[in-house]
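Okay, so here's the structure we're looking at.
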Amino acid sequence: MSAIDQIRAAASAQGVAGVSPAGSLANAAPGFGDALKSMLGETQQLQDQSADAIGSFLRGEPVEIHEVMAAVEEAGIALDFLIQLRNSLTEAYRTVIGMQT
């Protein structure tokens, strides 16, 4: 029995999750990539809602100005968060690359 098999056996005996064989990844929880795609989609949706609210206000439709401002701010905050996330990931990547040289 290899060391990995011993670790898996001990972990399964203690009820530790997440140490299943490599073939059973289909039942795994969503990963970082899925979460990132979800955040990008939500941010795009907020940007679209903000643009729609601004358009409705400019066309003179019955829309409250505070709702327009809230939609714009919410979309801006989501975009700022994604920019900060991108910057953090870029910095982490540069750190890892720097460690390899």
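The values are calculated or read from the model by the stated rules, or taken from the named source; none is laboratory data. Computed from a predicted model, the values in this text were never measured in an experiment. Positions of Cβ are backbone-derived with ideal geometry, glycine not excepted, and every protein chain shown enters the neighbour counts.
Taking the criterion of being more than 22 Å from Glu42 (Cβ to Cβ), of a type in the set (D, E, K, R) and not in a loop (DSSP other than H, G, I, E, B), would at least one residue in region 73-81 satisfy it?
Going residue by residue through region 73-81, those that are more than 22 Å from Glu42 (Cβ to Cβ) are none.
No: zero hits.
Give all pairs with beta carbons closer than 7 Å in which a residue from region 21-50 that is modelled with pLDDT of 90 or more meets a residue that is exposed (fewer than 12 other Cβ atoms within 10 Å of the Cβ) and among the polar types (S, T, N, Q); count only pairs at least 6 apart in sequence or on separate chains.
Close Cβ pairs satisfying both conditions: none exist.
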